[in-house]
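This report refers to the structure that appears directly beneath it.
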Amino acid sequence: MYTDLSGKRVVVTGASGGLGKRIAQRFSAAGSKVTIIGRSQVTWIADSDQDNYRSVQCDIQNIEEIERVLGEWEEAGEICQVLVNNAGVLTEGALLDYSEKAWDATFNVNLKATFRMCQLFAKHMRGKQDCSIINAASYAATLPAAFSGVYAASKAALVSLTRTMAAEWAPYGIRVNAYSPGVVRTPMTEPKLKLHESQMLEAISLGRLGTPDEVANVVLFLASSASAYVTGTNIDVSGGKLIIQNPGAAW
């Protein structure tokens, strides 16, 4: 659909599986040159598709290693035009008992490391053409829930930073946006869906779960020239989760 993505160098973090995997696949299908950065080894790339991908096994908290890799690309004259910060951690726990260690584990990945990635790639992108940074937020950023309050706070802070980055980096030709997935069936959500799927569906206006492709559609839109005048926004991809108090009685 987005022909301008063909040939673009795209980096997707946290794409060993789940939503990140599908996002990376969709960019590849659009003709992009996709680099996957993740802690786990990528095992899903078929032998016939090896030429379409690069894989860097690295924790995004190890910014020095990512800086080294980016430096090698720059020496080779390669430009990364799209960064998708999909990597993140979901932690749960009552606030009264939440430990400093758990707090740091959440904020170090969801906010600190993601910000450092944005900062590093923005320095690489400034002055280039058609560059875009896209951050994975969450509906929890605007609608926090009990027992996942620290996760929600980290995503809310990321949404705020996304808006400020968009303003500060616009003069350099860099657009910065976020996307907030709702309940999508992935390996991460499957355990909760097994226990509470019917109750979770009651809160979604469209009455169904989202798909990885539906999230990827929004990410590709934000990376493409179709969204050339869109920056500093956070697109909700939740099927209308809790947009009113009782979606089931909207009539």
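The values are calculated or read from the model by the stated rules, or taken from the named source; none is laboratory data. The structure displayed is predicted, hence computed values, not measured ones. Note: ideal-geometry Cβ built from the backbone for every residue, glycine included; neighbour counts use all protein chains shown. Areas reflect the complete protein model, heavy atoms only, side chains present, ligands, DNA and RNA absent. Shrake-Rupley method; radii C 1.70, N 1.55, O 1.52, S 1.80 Å.
Counting only residues that are of a type in the set (Val, Ile, Thr) and out of contact with any Phe, Trp or Tyr (no Cβ under 9 Å at 6 or more places or on another chain), how many does region 175-216 have? So that I can check it myself, show each step before the final result.
Just the residues of region 175-216 that are of a type in the set (Val, Ile, Thr), to begin with: 176, 183-184, 186, 189, 204, 211, 215.
Those left that are additionally out of contact with any Phe, Trp or Tyr (no Cβ under 9 Å at 6 or more places or on another chain): 184, 186, 189, 204, 211.
The total comes to 5.
Can you tell me how many residues in region 156-200 are surrounded by 13 or more Cβ atoms within 10 Å (Cβ to Cβ), among the charged types (D, E, K, R) and free of Cβ contacts under 8 Å to residues at least 60 places away in the same chain?
Counting residues in region 156-200 that are surrounded by 13 or more Cβ atoms within 10 Å (Cβ to Cβ), among the charged types (D, E, K, R) and free of Cβ contacts under 8 Å to residues at least 60 places away in the same chain gives 3.
Any idea how many residues of region 1-30 are open to solvent by less than 30 Å² (accessible area, probe 1.4 Å), under 17 Å from the mean Cα position of the chain (by Cα) and within 12 Å of Leu220 (Cβ to Cβ)?
6
Please state which of the following conditions Ala223 fails to meet, knowing it meets all the rest: (1) closer than 28 Å to Ala105 by Cα; (2) open to solvent by less than 70 Å² (accessible area, probe 1.4 Å); (3) not β-branched (Val, Ile, Thr).
Unmet for Ala223, out of (1) closer than 28 Å to Ala105 by Cα; (2) open to solvent by less than 70 Å² (accessible area, probe 1.4 Å); (3) not β-branched (Val, Ile, Thr): (1).
Name the residue, out of Glu92, Glu67, Glu78, that is part of a loop (DSSP other than H, G, I, E, B), among the charged types (D, E, K, R) and open to solvent by 70 Å² or more (accessible area, probe 1.4 Å). Lay out the reasoning, then the answer.
On the way: Glu67 fails: part of a loop (DSSP other than H, G, I, E, B); Glu78 fails: open to solvent by 70 Å² or more (accessible area, probe 1.4 Å).
Glu92 is the lone residue from the list that is part of a loop (DSSP other than H, G, I, E, B), among the charged types (D, E, K, R) and open to solvent by 70 Å² or more (accessible area, probe 1.4 Å).
Which one is farthest from Ser180 (Cα to Cα) among residues in region 142-155 that are within 16 Å of the chain's Cα centre (by Cα) and open to solvent by less than 20 Å² (accessible area, probe 1.4 Å)?
If we take residues in region 142-155 being within 16 Å of the chain's Cα centre (by Cα) and open to solvent by less than 20 Å² (accessible area, probe 1.4 Å), then Ser154 is farthest from Ser180 (Cα to Cα).
May I ask you to list the residues in region 106-124 that are closer than 26 Å to Ser148 by Cβ and open to solvent by less than 50 Å² (accessible area, probe 1.4 Å)? Step through it out loud before you land on a result.
First, the residues of region 106-124 that are closer than 26 Å to Ser148 by Cβ: 106-118.
Thr106, Phe107, Val109, Asn110, Leu111, Ala113, Thr114, Met117, Cys118, listed by residue number.
If you check every pair at least six apart or on different chains, which have Cβ atoms under 8 Å apart with a residue in region 31-54 that is loosely packed, with under 10 Cβ neighbours inside 10 Å first and a residue that is small (Gly, Ala, Ser) and in a loop (DSSP other than H, G, I, E, B) second?
Within 8 Å, the pairs are Gln41/Ser16; Thr43/Ser16.
Residues being crowded, with 22+ Cβ neighbours inside 10 Å and either of a type in the set (A, V, I, L, M, F, W, C) or outside any strand (DSSP E or B) (or both): count how many of those fall in region 125-138.
Keep residues of region 125-138 that are crowded, with 22+ Cβ neighbours inside 10 Å, which gives 125, 131-138.
Subset that is either of a type in the set (A, V, I, L, M, F, W, C) or outside any strand (DSSP E or B) (or both): 125, 131, 133-134, 136-138.
So the answer is 7.
Consider only pairs whose beta carbons are under 8 Å apart and that are at least six residues apart or on different chains; among these, list those whose first residue lies in region 94-110 and is of a type in the set (D, E, K, R) and whose second residue is open to solvent by less than 50 Å² (accessible area, probe 1.4 Å) and not in a helix (DSSP H, G or I).
none
Looking at this structure, is Leu242 without any contact (Cβ under 8 Å) to a residue 24 or more places away in the chain and surrounded by fewer than 19 Cβ atoms within 10 Å (Cβ to Cβ)? Full working, then the answer.
Details: without any contact (Cβ under 8 Å) to a residue 24 or more places away in the chain: no; surrounded by fewer than 19 Cβ atoms within 10 Å (Cβ to Cβ): yes.
So Leu242 does not fit the description; no.
So, in region 188-242, exactly how many residues are in a loop (DSSP other than H, G, I, E, B) and within 21 Å of the chain's Cα centre (by Cα)?
Start the filter on region 188-242 by keeping residues that are in a loop (DSSP other than H, G, I, E, B), which leaves 188-189, 203, 205-209, 211, 224, 228-233, 238-240, 242.
So of that shortlist, the ones also within 21 Å of the chain's Cα centre (by Cα) come out as 188-189, 209, 211, 224, 228-233, 238-240.
Of the residues in that region, 14 qualify.
Name, by its number, the condition in (1) assigned to a helix (DSSP H, G or I); (2) under 24 Å from Arg116 (Cα atoms); (3) not β-branched (Val, Ile, Thr) that does not hold for Ser40.
(1)
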